1. Can you tell me which residue is nearest to Leu363 (Cα to Cα) among those in the range 292-312 that are under 17 Å from the mean Cα position of the chain (by Cα) and among the aliphatic types (A, V, I, L, M)?
2. Working carefully through the options Leu427, Leu386, find the one that is free of Cβ contacts under 8 Å to residues at least 60 places away in the same chain and in contact with a strand residue (DSSP E or B) (Cβ under 8 Å, 6 or more places away or on another chain).
3. Restricted to the range 139-154, and to residues that are out of contact with any Ser or Thr (no Cβ under 6 Å at 6 or more places or on another chain) and open to solvent by 10 Å² or more (accessible area, probe 1.4 Å), which residue is nearest to Tyr115 (Cα to Cα)?
4. Consider the range 263-278. How many of its residues are open to solvent by 70 Å² or more (accessible area, probe 1.4 Å) and closer than 17 Å to Met331 by Cβ?
5. Identify, by number, the condition in (1) in a loop (DSSP other than H, G, I, E, B); (2) in contact with a strand residue (DSSP E or B) (Cβ under 7 Å, 6 or more places away or on another chain) that Asp142 doesn't meet.
6. Of the numbered conditions (1) closer than 30 Å to Val244 by Cα; (2) open to solvent by less than 40 Å² (accessible area, probe 1.4 Å); (3) polar (S, T, N, Q), Thr375 fails exactly one; give the number of that condition.
7. Taking the range 313-347 only, how many residues are in a helix (DSSP H, G or I), of a type outside the set (A, V, I, L, M, F, W, C) and either buried (at least 24 other Cβ atoms within 10 Å of the Cβ) or over 25 Å from the mean Cα position of the chain (by Cα) (or both)?
8. Tell me which of these Ala259 doesn't satisfy, since it passes every other one: (1) open to solvent by 50 Å² or more (accessible area, probe 1.4 Å); (2) in contact (Cβ under 8 Å) with a residue 24 or more places away in the chain; (3) not in a helix (DSSP H, G or I).
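The values are calculated or read from the model by the stated rules, or taken from the named source; none is laboratory data. As the structure is a computational prediction, the values presented were derived from the model and not from experiment. So basically every Cβ, Gly included, is an ideal-geometry build from the backbone, and we count neighbours across all protein chains shown. All accessible areas refer to the heavy atoms of the entire protein, side chains included, with ligands and DNA or RNA removed. Shrake-Rupley method; radii C 1.70, N 1.55, O 1.52, S 1.80 Å.
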Amino acid sequence: MTAGEPGMPERETGPAGTGGARSGAGGPSPASPGPAASPGPASSEGSSSSSASPGAAPAESASGAQGPAGTPGGPAARSAGGGQDGPAEKGDPDDDPDPSALRIEELILGAERQYTPFQAARAAGVSMELASRFWRAMGFADVGQARALTEADVLALRRLAGLVEAGLLSEPMAVQVARSTGQTTARLADWQIDSFLMGLTEPPEPGMTRNEVTFPLVQLLLPELEEFLVYVWRRQLAAATGRVVQVKDDDEMVNRRQAIGFADLVGFTRLTRRLEEEELGELVEAFETTAADLVAAHGGRLIKALGDEVLYVAEDAETAAEIGLRLIETMANDATMPELRVGIAFGTMTTRMGDVFGNTVNLASRLTSIAPKDTVLVDGAFRAELTASGAAPESEKESEDLSGYRYALQPLYQRPVRGLGVVEPWLLRRRTPEG
């Protein structure tokens, strides 16, 4: 590909559209499944994707401000740059890369910088457009004409482009894979640095800078964390594949009937005004950890955590009911936690890139918003599923022997719910031995 191709001049003349090789330049590029296809080892392909992967930097981030000096788009990347094939351009002396930051980057990536985006794309044998699309999908900033990419970036793009060429992935699917992996691993990397690594390196040892302390820690932790990441990914992939192969038809796989639950901390906005930032962070961390453990232990799946709220799914109503009630009971026994409320609905929902969508999800959210504190509200469809399973009676009044039921359901007044019409919520309770 040459600079004369459509769109190339813009990428050449400014950071926003760098003619980046498959790891750091401008305009859109064909889909390439990024290292996302597998959270494999951080070396070579795996690690390159998260720091200076081929795939031209996105035009939307013209300033290239993602991450510290050693990351793509940072001052180090811009000052180390050069033309598409020419010598590196002189940068602002103030933007010169920190040698210790570059040393840590090379340790993590397993290679040193040597390619501009255009050079990396050409070395990988892919178009500038494909490289740009891949880079943008992974969420990285434009690196201009900086020599910020490594041999690992070239190999990663070559492999991903090969999957598209072989027909194993379509371009749109490859972009989705790159995007989902980029978003997931970005959050993981931020958490590890903010919570884990910073905790180990603060305060620094006497007379040593943070960078000097960080390097040996990364050197020791990287291979272990890399292996653990691959293990967890394989486990999760096996579980997800198992769910898919058990589905009876394609429609059920995309639009599945499941229970969806929201658990929401009551009065969280007031807490944000009263607590210090560190205290608030600890509370949110404790809530998310407790919720995630309970959901997993009882057979559910945590979809996402949003600070004061968690969203989970379960294959059947009984599992979802048990999770919802245990969340309420566990939080109620913790004096440091505010009250909790839970809303659960049952029905069809669409799954996409690890998230869930649809009216059932919206209904569960609305039920949560109207639930009194320390209670679980469910919809009529959930109630029907729970009674059909034998976990709750059809009617409390008409059932002579209630001892065999685990749960009790009490109808509440119908009420209008924004965007969903009138619904009849049911109060879910755990049945005690006394009834």
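1. The residue in question is Leu311.
2. Details: Leu386 fails: free of Cβ contacts under 8 Å to residues at least 60 places away in the same chain.
Unique residue meeting the criteria: Leu427.
3. Glu151
4. 1
5. (2)
6. Among (1) closer than 30 Å to Val244 by Cα; (2) open to solvent by less than 40 Å² (accessible area, probe 1.4 Å); (3) polar (S, T, N, Q), Thr375 violates only (1).
7. Residues meeting the conditions: 6.
8. (1) is the only condition that Ala259 fails.
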